[in-house]
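Data first, discussion second: the structure below is written as structure tokens.
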Amino acid sequence: MKQKSGWLLPIWTIIWKSLLFFLLWGILSALFIIPFTDQLKQFEKVYPLQAQLYFDVSGALAVLVAAWIMARFIDRRPFITLGFVPNHMVRDSLLGVSIGAVWLGLSVFAVWMMGWVSLRPSFTISWSILVWVMIALIFNTLTQEVLVRSYIYQTIQSQTNFIWAIVVSAVLFMALHAGVYEGAWLPAVNVFTAGVLFGVAYHLTGNLWLPIAIHFTWNFLLGPVLGLTVSGQNQLNSGWQVFAVQGPALLTGGSFGLEGGLVVTLTTVIGAVVMFLLFRRRMTSQNAKLKAAG
């Protein structure tokens, strides 16, 4: 009986804390939307970009407040412990932008080398639209990362270990995008794999700056900048397309976009493994220096 309780208690703690967190997030999100439904519908017809920004900002505020409530009143700890310690914020953010750009660049380059990319003869970029979408996307990315790789990740890790935290948070990340798979298995696998990459990034730094920057850069370059499909949707497109991708759907993702193809599966796995090895090497070197100094 004691052994059974030892297994059940951590699981029960993870479940009730996660459910309470999601409940708070849902209630707070509803408070930002439901009282203004009619006004938002009218506003969206005239100012779609600004309306999208409102939804993304309100979603970010809701999840941040929910995480703060859980940390402050349930766990009795400061807000910054949710992944917002300012140490290395600039460094990790710049590193994340670089990793995200290289990750997407390698994916596009691989498809290009196979002859499945054709440049559009002409396109016009609207910088004002790009700025509006970029700001909205920052808040959207923040919402997703705090939702699955902040309080819940930490709760799972505290009750089990970081491996379970990475895997379960990746499953939750995959579940968040469940509505776009349309029965296809490979897009779901790729979103899960991307979730693992973001989880590794969070574990290795202990902050959200790195996974947020990687996640944002991938989505921003893929959708608003290049005009390609992001996670099976054109919602992030800014109205232009730099090039078209045509090739075997199994490799290029077909209508789902690059994120639904084996090319991105390969680059994501490579990215997660390389990043983990590089950071582990750096951490080993730092530990060796500390021991030598001691």
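Observations
- Of all residues in segment 79-93, those satisfying the criterion of being in a helix (DSSP H, G or I), farther than 19 Å from residue 147 by Cβ and touching a residue at least 40 places away in the same chain (Cβ under 8 Å) are 89, 92, 93.
Yes or no, residue by residue, for (1) of a type in the set (Asp, Glu); (2) crowded, with 18+ Cβ neighbours inside 10 Å; (3) outside any helix (DSSP H, G or I):
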{"site": "10", "(1), (2), (3)": "no, no, no"}
{"site": "28", "(1), (2), (3)": "no, yes, no"}
{"site": "44", "(1), (2), (3)": "yes, no, no"}
{"site": "56", "(1), (2), (3)": "yes, yes, no"}
{"site": "62", "(1), (2), (3)": "no, yes, no"}
{"site": "67", "(1), (2), (3)": "no, yes, no"}
{"site": "72", "(1), (2), (3)": "no, no, no"}
{"site": "77", "(1), (2), (3)": "no, no, yes"}
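- Condition met for residue 222 (surrounded by 20 or more Cβ atoms within 10 Å (Cβ to Cβ) and modelled with pLDDT under 95): yes
- Sole residue being among the β-branched types (Val, Ile, Thr) and crowded, with 17+ Cβ neighbours inside 10 Å, chosen from 148, 131, 171, 167: 148
- In segment 177-195, the qualifying residues are those that are among the aliphatic types (A, V, I, L, M) and crowded, with 23+ Cβ neighbours inside 10 Å, and the one that is nearest to residue 259 (Cα to Cα) is 191.
- Every test in (1) over 12 Å from the mean Cα position of the chain (by Cα); (2) polar (S, T, N, Q); (3) crowded, with 17+ Cβ neighbours inside 10 Å is passed by residue 122 save one, and that test is (3).
- A search for C-beta distances below 7 Å between a residue of segment 246-269 that is farther than 18 Å from residue 194 by Cβ and any residue that is surrounded by fewer than 16 Cβ atoms within 10 Å (Cβ to Cβ) and among the hydroxyl-bearing types (Ser, Thr, Tyr), counting only pairs 6+ apart in sequence or on different chains, returns 246/118.
- Residues satisfying the stated conditions in segment 208-232, i.e. of a type in the set (S, T, N, Q) and under 13 Å from residue 133 (Cα atoms): 217, 219
- In segment 63-87, of all residues being within 17 Å of the chain's Cα centre (by Cα) and not β-branched (Val, Ile, Thr), the one that is nearest to residue 33 (Cα to Cα) corresponds to 64.
The values are calculated or read from the model by the stated rules, or taken from the named source; none is laboratory data. Treat the numbers as computed from the prediction; the structure is a model and nothing was measured. Note that we place each Cβ from the backbone using ideal geometry, even for glycine, and neighbour counts take in every protein chain shown.
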